[in-house]
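Taken together, the values in this text are just the output of simple stated rules run on the coordinates, not laboratory data. All of these numbers come straight from a predicted model, not from anything done at the bench. Neighbour counts are summed over all protein chains in view; Cβ atoms, including those assigned to glycine, are modelled from backbone coordinates with ideal geometry.
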Amino acid sequence: MTNLTNCIKPIIIEGVGCYLPGRVVTNDDLAKIVDTSDEWIRTRTGIGERHLAAEDEACSDLAVLAARQALEDAGLEPSDIDLLIVATVTPDHITPSAAVLIQAKLGLCSVPSFDVNAACSGFLYALEATRSLLRDERYRHALVIGSEKLSSIVNWEDRTTCVLFGDGAGAFVLSNSASDLPVITDGLAGADGSAANLLYVPAGGSVQPASKETVEGHLHTVTMNGRELFKAAVRHMAEATEELLKRNGLTTEDIAWFVPHQANIRIVQALAQQLNVPMERFVCNIEHTGNTSAASIPIAFAQAKAEGRFQKGDRIVLVAFGAGLTWAATLVEW
Ligand SMILES: CC(C)(COP(=O)(O)OP(=O)(O)OC[C@H]1O[C@@H](n2cnc3c(N)ncnc32)[C@H](O)[C@@H]1OP(=O)(O)O)[C@@H](O)C(=O)NCCC(=O)NCCS
């Protein structure tokens with residue numbers, strides 16, 4: 001596992017926000033379009049419903065709404081932001097980045113703005129990159145967003161994948177200024193590209209550019225080996241958590257809350273079992289969101305904060321796993 005950012009000074013979480021599109025699609029709604037049932041989806045995944053963006057709502061639109069909430073929470077104006085990083089696998093276009101479109105829509109100054117693609121680990125990868133960049137005193141306030149319109153890369157005729165995913169966005173405003181607000185104290189990230197074929201979108205890139213055949217073959221949508229991903233998700237999230245705790249001289253007993261990537265409630269249950277931590281200390285919102293990839297952790301975090309779950313002094317572990325394979329873990333002190 002690569003330690004990207006050990007020995008970096010704590011970074012303050014000044015504000016958080018999230019946005020879920022208004023259209024709610026239940027399992028029963030999906031059972032009308034594919035051969036599935038509410039019972040199957042709930043039992044195998046813990047998902048009851050997901051929010052889907054409107055046709056004219058792009059990744060950048062979701063991101064802007066989450067970001068505005070995070071800015072308000074931080075008490076900052078768009079002009080205060082001097083770095084923007086967006087984690088997504090569903091940018092509005094292949095190029096330019098979602099980040100530059102979001103920069104323009106939010107009215108940020110001409111600050112560095114770029115995307116990170118690390119699938120469901122993307123938001124934590126973006127936090128790692130931000131922590132490094134905030135060492136540079138030229139940057140003071142960074143906006144980090146996870147935003148996904150996964151409904152745009154799902155095959156709605158494939159019951160093995162379409163029931164899993166949802167749309168949404170979450171955002172953090174981070175700062176390197178001294179303060180007693182919540183801090184990110186450590187983080188790590190890793191990858192294993194040899195297993196890239198477990199979850200990918202075959203066409204639309206340089207290997208297989210868009211053509212009549214790729215569209216007809218549904219090659220622009222997610223293809224996935226669910227069983228192998230399940231096992232890898234539990235293993236990598238457990239290992240990442242254990243490594244993060246060990247190098248900070250902590251045990252799971254020192255952690256008040258775990259905010260895991262929301263892919264499948266059974267993955268979270270298996271992780272909890274492996275770490276020997278009761279499920280009550282895991283923040284889980286998957287029943288109402290489905291898997292929103294890079295948006296999942298900041299949405300769950302922002303909702304938990306809004307519900308007043310975090311108390312001063314709480315240590316919180318964020319842990320993610322995604323296509324790539326990628327994984328990452330972040331330590332927060334509230
Ligand atoms: C996808 C996942 C829910 C499937 O659960 P599972 O228990 O492994 O189920 P299986 O794939 O073995 O399928 C079991 C049966 O259900 C069927 N099935 C699959 N999807 C179904 C659906 N939506 N509704 C009804 N039946 C379904 C399968 O066709 C299979 O039928 P068969 O036994 O007749 O062949 C699970 O593997 C998973 O969550 N994996 C991780 C996926 C993930 O998180 N991806 C993102 C990573 S960030």
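How do the peptides 55-61, 261-267 rank, highest first, by the average count of neighbouring beta carbon atoms within 10 Å per residue?
Numbers: 55-61: 18.4, 261-267: 24.0.
Listed from highest to lowest mean packing, they are 261-267, 55-61.
Specify the residue with the greatest mean-square fluctuation among S293, S147, S206, computed from a Gaussian network of the chain linking alpha-carbon atoms under 10 Å apart.
S206
Cα centroid distance between region 89-108 and region 55-86, in Å?
After rounding, the separation between the Cα centres reads 11 Å.
For a quick check, take a GNM of the chain with Cα springs below 10 Å and name the residue from I11, I33, I41 with the largest mean-square fluctuation.
The residue with the greatest mean-square fluctuation here is I33.
Using only the Cα atoms of the chain, what are the Rg and Dmax in Å?
18.6, 56
Out of region 102-154, which trypsin sites (Lys or Arg not before Pro) are coil in DSSP terms and have no more than 11 other C-beta atoms within 10 Å?
The qualifying sites are R138.
If you put +1 on each Lys and Arg Cβ and -1 on each Asp and Glu Cβ, how big is the dipole of the chain around its Cα centre, in Debye rounded to 20?
So the dipole magnitude of the chain works out to roughly 580 debye.
Please give the Cα centre distance for region 277-334 versus region 141-210, rounded to the nearest Å.
With region 277-334 and region 141-210 each reduced to a Cα centre, they are spaced 14 Å.
Could you check the simple spin-label distance between D254 and A54, using points 7 Å along Cα→Cβ, in nm with one decimal?
Computed distance between label sites D254 and A54 equals 4.8 nm.
Can you work out ³J(HN,Hα) from phi for every residue in region 215-222, in order, using Karplus 6.51 cos²θ - 1.76 cosθ + 1.60 and θ = phi - 60°, giving whole Hz and x for Gly and Pro?
The phi angles translate into 5, 5, x, 6, 7, 9, 10, 5 Hz.
Only sites in a loop by DSSP and with at most 11 other Cβ atoms within 10 Å count here; which trypsin sites (Lys or Arg not before Pro) in region 24-90 make the cut? All intermediate terms of the calculation are to be shown ahead of the outcome.
Values: sites: K32, R42, R44, R50, R68; in loops: K32.
Taking region 24-90 and a limit of 11 other Cβ atoms within 10 Å, the loop trypsin sites (Lys or Arg not before Pro) found are K32.
Applying 1/(1 + (r/R0)^6) with R0 = 22 Å to the Cβ-Cβ distance of E333 and R135, what FRET efficiency is obtained, to the nearest 0.05?
Details: r = 19 Å, r/R0 = 0.85.
The formula returns an efficiency of 0.75 here.
Say the dipole of region 1-158 comes from +1 at the beta carbon of Lys and Arg and -1 at that of Asp and Glu; which of W156, G48, C120 then lies farthest toward its positive end?
The residue sitting most towards the positive pole is C120.
Once fully extended, how much extra length lies between R42 and Q274, figured as 0.36 nm per residue of separation less the alpha-carbon to alpha-carbon distance? It would help to have the intermediate numbers written out before the result.
On the way: separation 232, 0.36 × 232 = 83.52 nm, distance 2.21 nm.
Working it through step by step, the gained length comes to 81.3 nm.
Just from its helices, what would the mean residue ellipticity at 222 nm be for the chain, if runs of 4 or more DSSP H residues each count -39500 (n - 2.57) and the sum is divided by every residue, rounded to the nearest 500 deg cm²/dmol?
-9500 deg cm²/dmol
Per residue of region 85-93, in order, report the coupling 6.51 cos²θ - 1.76 cosθ + 1.60 (Karplus, θ = phi - 60°) as ³J(HN,Hα) in whole Hz, putting x for Gly and Pro.
10, 10, 9, 6, 10, 10, x, 4, 9
Between E72, E213, E280, find the one with the highest GNM mean-square fluctuation for the chain; connect C-alpha pairs within less than 10 Å.
E213
What is the extension gain from A195 to H93, computed as 0.36 nm multiplied by their sequence separation minus the C-alpha to C-alpha distance, in nm to one decimal? Display every interim value, and only then the final one.
Working: separation 102, 0.36 × 102 = 36.72 nm, distance 2.57 nm.
Between A195 and H93, full extension yields an extra 34.1 nm.
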